[in-house]
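None of the figures in this text is laboratory data; all of them are computed from the coordinates on show. Keep in mind it's a predicted model, so treat the numbers as computed, not measured. All Cβ positions, even for glycine, are placed from backbone atoms using ideal geometry, and neighbour counts span all protein chains on display.
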Amino acid sequence: MKEVVLNPMSGRETVKRLSEETRSLAGRYLTGKYQYRIKDMGFRLADLNLPADCPPEIEHGKNTILTAEKSSLDILPEERLAGSASNIQALGHCIPGYPRWQDGTGKGWSISHTTVDFGDAVRKGLRGLETEISTRMKRDSEPHHQDFFKGLLDVIEAMRIWTKRYRDAYREMLKSPEYAQYEPNLRAVLARLQNVPENPPETFAEAVQSFWSFFEFQRLCGNWSGLGRFDEILGPYLSRDLKQGIITLDEARELIAHFWIKGTEWCFGLRKDSSRTPGSGDAQNYQNIILGGIDQAGNQIENEVTFLVLDVIEELHISDYPVTVRLNSGTSEKLLRRIAEIQLLGGGIVSVYNEPLVLRNLKNMGIPVPDARTFTNDGCWEIILPGQTWFRYNPEDYLIPFQKALFAEKTPESYEELYRNFLEHVRALVDSVGKGIADSCFPGKDNPGDYPKMPIGQADVVLSLLEPSCRESGCSYTLHWTRWVFRAIHMSGLPDVANSLYAIRKNVFEKKLVSLPELVRILKNDWKDEEALRLRFANSLKYYGNDNSEVDRLLRQVLHDCSAISGAKSRVGYIMVPVGVSTFGREIAFAKDRLATAFGKHAHEYLAPNLAPTPGTDQSPVTAVLNSYCKMDFSDTPNGCPLDLRLSAGIRKTPGAADCLVRLLRVFIEKNGLYLQIDTVDPEMLRKAKKYPDRFPNLVVRISGWSARFASLDEKWQDMIINRTALEA
C-alpha cells in the first residue's frame with residue numbers, strides 16, 4: 001500500500017515516534033479501507049417479541065443484549081485494543097434494532113451532546129457497577145425505578161456477552177497458523193480482556209482497554225458521548241506502571257495511538273454515496289477529549305498521558321477526537337509550547353479553555369465548586385459536567401431580529417429607536433424559545449426520582465449506566481434524571497449585528513452619507529447599482545476584529561443586552577438555561593434568510609462564525625482580533641463563546657512561530673478570553689483538495705466545535721471553508 005501522508009500541511013516532515021506498523025494501520029483506517037465493515041447487522045427489536053406493555057427501560061436493556069449478541073466482531077491481529085462498532089444504524093445516530101427515528105416513530109433516536117463519567121466506570125468495572133445497582137434495588141422499591149435498574153443490569157450483561165465473544169474470538173485466532181506472527185499481541189489483548197472491563201484495571205494497558213470497551217460499547221449501541229478528561233482518568237495508571245517498570249513511554253504511546261486510530265472506524269475515506277452523505281464531515285461524532293486543568297481537589301493535572309496524547313496528534317493528525325486543553329496560571333511552559341507546536345501543523349485539532357473564567361461562570365450558575373472543577377464539554381465546546389448533565393441547545397440567528405427592526409414597515413427615525421426595536425424583536429424570539437423549553441419539561445417531575453406523569457415510549461439505559469446521577473435517581477437520562485438539566489440558548493450573528501449598527505451610526509447618522517430610508521431601499525435591492533457606495537460602507541470603517549474600541553464597545557453592549565434578555569429566566573421549571581454563542585457551521589443554513597448588510601455584504605453571504613469577525617472585515621494583525629474579542633464580558637455566556645483564529649500556513653516557516661503562539665495563548669488567558677480555537681490554513685491547498693480529493697485524504701480543517709477531513713465535506717461546506725479562509729488570509 002502506498003504510504004499515506006498523514007498531514008499534507010507538513011508533508012513528510014512529521015516526526016516519527018510510532019512504529020511503522022502503527023503508522024501503516026492509521027493510513028489504512030484514514031483512507032476508508034475498513035468501511036466495508038459498517039453495515040446493517042440484520043437484527044430488529046421486533047425479533048424479541050416483547051409484550052406491548054413492556055416497560056421502555058427493560059425493552060432497551062433487552063435490545064442491548066440482542067445488539068451484543070448479533071453485532072459483528074471486527075478484529076485486526078495487529079491492533080492493541082479489542083472492540084469495534086460496525087452497526088450502520090449507530091453511524092446514523094440511531095439505536096441499532098429500533099425503528100429509525102427518521103421514519104417518524106421517534107423511538108430510535110440515540111444520544112449525543114453529552115459526556116458520561118467514563119472515569120467512574122473504569123475505576124469500578126462492570127462488577128462494581130453491578131454491586132452498586134443491586135444495592136440500590138434493595139433500597140428502592142418504586143416500580144419504575146426497579147424497571148430502570150433491571151435495564152441497567154441487562155446492559156451490564158450485554159457488555160459481558162460482547163466481551164466474552166471477543167475473548168473467544170482471540171482464542172480461536174491463537175489456534176490458527178495464519179496469525180502466528182501476531183501471537184504476542186493477541187495474547188496480550190486476550191490477557192487484558194480476562195480482567196477488564198469486568199474489574200478495575202491493574203495496569204495502564206488494562207485501563208486503556210477498559211476505557212475503550214466502555215466507550216466503544218456506547219458507540220455500538222448508537223450513543224455518541226464525549227470522552228471527558230482523558231489524562232485525569234488514565235494518568236495515575238501510567239505513572240504507577242512507569243515507576244514499577246511495567247511499561248515504557250514508547251509502549252504507552254503505541255496504546256494511545258491505537259485508541260486514536262480505532263476511533264476513526266467511521267471514517268468515510270474518499271467514499272461518498274447515499275448511505276454516507278458527507279455533509280459536515282465524517283469526524284463529527286462529538287467524541288471530544290479534555291486535557292489539563294485542575295482536579296476536584298484543585299491539583300494541577302499535567303502528566304505523561306497529557307503529553308503522549310499530543311505526541312499522537314502531532315504524528316497521526318487524527319481529527320476524530322477534538323482536544324481541548326484547560327489553561328490556567330499554573331499551566332507549564334512545556335505544555336503551552338506543545339499546544340502551539342501542534343496548532344502550527346493545521347487542522348485545528350487542539351483548542352483551549354480559560355479555566356478560571358469557566359469556573360467562575362459555573363459558580364455563578366449555582367454549581368458547587370468541586371462539581372464545577374470536573375467540567376468538560378458536550379462533544380463540541382459547550383460547557384457541561386460529565387456524568388451529571390442532560391444537555392441540549394437552541395441555536396438562534398440574532399441577525400434576523402435586527403433585520404426585522406431595520407426593514408420594518410415604518411423605518412426607525414433614529415439610531416436609538418433602531419436599537420430599541422432590535423431588542424424588542426430579540427425579546428419576542430426569546431419568549432418563543434422559552435415556551436418551547438417549558439413544554440419540554442416532563443410533567444410531575446418535582447422531587448428526585450419522580451417518574452413523569454405521562455406515557456413514555458423510550459427510556460435509555462445504555463448511556464444511563466455511565467451516568468452516576470441517573471443511577472442515584474433511579475431514572476433514565478432521556479427522562480431528564482441527571483443532576484443538572486441544561487437547555488442552552490445559543491446566539492449567532494452578533495458580530496454582524498454590531499457591524500451593521502456601527503455602519504449605520506457612523507455613515508448614516510453621523511456622516512450622513514445617505515438617509516436610513518434610502519439605505520433600507522438599497523439593502524433591499526442588495527446594493528444593486530450602488531457598488532461605489534457599497535465599497536465605501538465596506539472599507540471606510542474598521543469593523544469588529546480590528547481592535548477598534550468604538551465598535552468593540554458596541555459589540556460588548558449587544559452581547560450583554562442580548563445575553564441579559566436570553567438569560568433573564570435562568571431556570572424554567574427544573575431546567576437551567578445557560579446562554580452561549582455559536583454557529584457550528586450554520587452560516588450555510590442561515591444564509592438563505594440573511595439580506596444585504598449595512599457594512600457592505602451582499603444578501604446570502606456567509607457571515608461571522610461564532611464570535612469571530614465577519615470574514616473579510618478583519619484587516620489588522622491577529623493580535624487585533626484577539627484584543628477585540630477579549631474586550632467582551634464572558635460572564636454573560638456561561639455555556640461558551642468561541643473565538644476562531646485562522647493563521648496563514650506560511651507562519652510555520654517563520655522563526656520563533658511557536659514562541660509567538662505561546663505568548664498569544666498567555667495573553668488570551670491574561671485578557672480573560674473564554675475559548676480559543678486556532679487553525680493554520682492554506683487556501684490554495686484547500687482549492688486543490690476540492691479538485692483532487694484523492695491527493696489529500698487526510699487534510700484536516702477546523703469547522704467550529706470539531707475538525708473534519710476536508711475530503712469528507714460536501715461542496716457547500718468546502719466552499720464556506722475556502723471562502724472564509726481566503727478572505728481572512
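Structure values in brief
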{"quantity": "Euclidean distance between Cα centres, region 99-163 to region 499-527, Å", "calculated": "58 Å"}
{"quantity": "Potential lengthening between residue 438 and residue 409 on full extension [0.36 nm per residue; Cα-Cα distance subtracted]", "calculated": "7.2 nm"}
{"quantity": "Full-extension gain in nm, residue 512 to residue 603, via 0.36 nm per residue minus C-alpha separation", "calculated": "30.4 nm"}
{"quantity": "Euclidean distance between Cα centres, region 384-435 to region 437-466, Å", "calculated": "30 Å"}
{"quantity": "Acute angle (nearest 10 degrees) that the helix 415-439 long axis makes with the longest principal axis of the chain, alpha-carbon atoms", "calculated": "20 degrees"}
{"quantity": "Sequence-distant lysines (8 or more away, or on other chains) whose Cα lies within less than 17 Å of residue 691", "calculated": "272, 716"}
{"quantity": "Convex hull per residue volume in Å³, alpha carbons only, for region 605-695", "calculated": "133 Å³"}
{"quantity": "Entries in 16/653; 363/569; 70/164; 39/107; 363/435 that, when Cα-Cα distance is taken, lie over 24 Å", "calculated": "363/435"}
{"quantity": "Under 27 Å from the Cα of residue 512 - lysines, other chains or at least 8 residues apart", "calculated": "404, 410, 524, 528, 542, 601"}
{"quantity": "Percent of C-alpha pairs per 5 Å bin, region 165-233, short to long", "calculated": "3, 15, 22, 20, 18, 13, 6, 3, 0"}
{"quantity": "Loop sites in region 12-64: trypsin sites (Lys or Arg not before Pro), DSSP, at most 11 other Cβ within 10 Å", "calculated": "16"}
{"quantity": "Relative contact order (percent, whole number), the chain, Cα cutoff 8 Å, 6+ residue spacing", "calculated": "16 percent"}
{"quantity": "Farthest toward positive dipole pole in the chain [+1 Lys/Arg, -1 Asp/Glu at C-beta], among 672, 294, 266", "calculated": "672"}
{"quantity": "Computed E for residue 296/residue 561 - FRET, C-beta separation, R0 35 angstrom, nearest 0.05", "calculated": "0.45"}
{"quantity": "Given charges at beta-carbon only (K, R positive; D, E negative), |dipole| of region 618-729 in Debye", "calculated": "380 debye"}
{"quantity": "Computed lengthening from residue 187 to residue 446, 0.36 nm per intervening residue step minus Cα-Cα distance", "calculated": "88.0 nm"}
{"quantity": "Antiparallel content of DSSP bridges confined to the chain, in %, to 5", "calculated": "25 percent"}
{"quantity": "Region 161-258 - percent relative contact order, Cα under 8 Å, separation 6 or more", "calculated": "20 percent"}
{"quantity": "Region 518-633: proportion of alpha-carbon pairs further apart than 25 angstrom, %", "calculated": "34 percent"}
{"quantity": "Relative contact order of region 356-454, defined on C-alpha pairs under 8 angstrom at six or more residues apart (%)", "calculated": "13 percent"}
{"quantity": "Prolate/oblate/rounded label for region 407-565 (Cα gyration tensor, a/c 1.5)", "calculated": "prolate"}
{"quantity": "For the chain, the Rg and Dmax computed from alpha carbons only, in angstrom", "calculated": "26.0, 86"}
{"quantity": "Label point 7 Å beyond Cα of residue 453 along Cβ direction - residues of region 562-577 with amide nitrogen under 18 Å", "calculated": "573-575"}
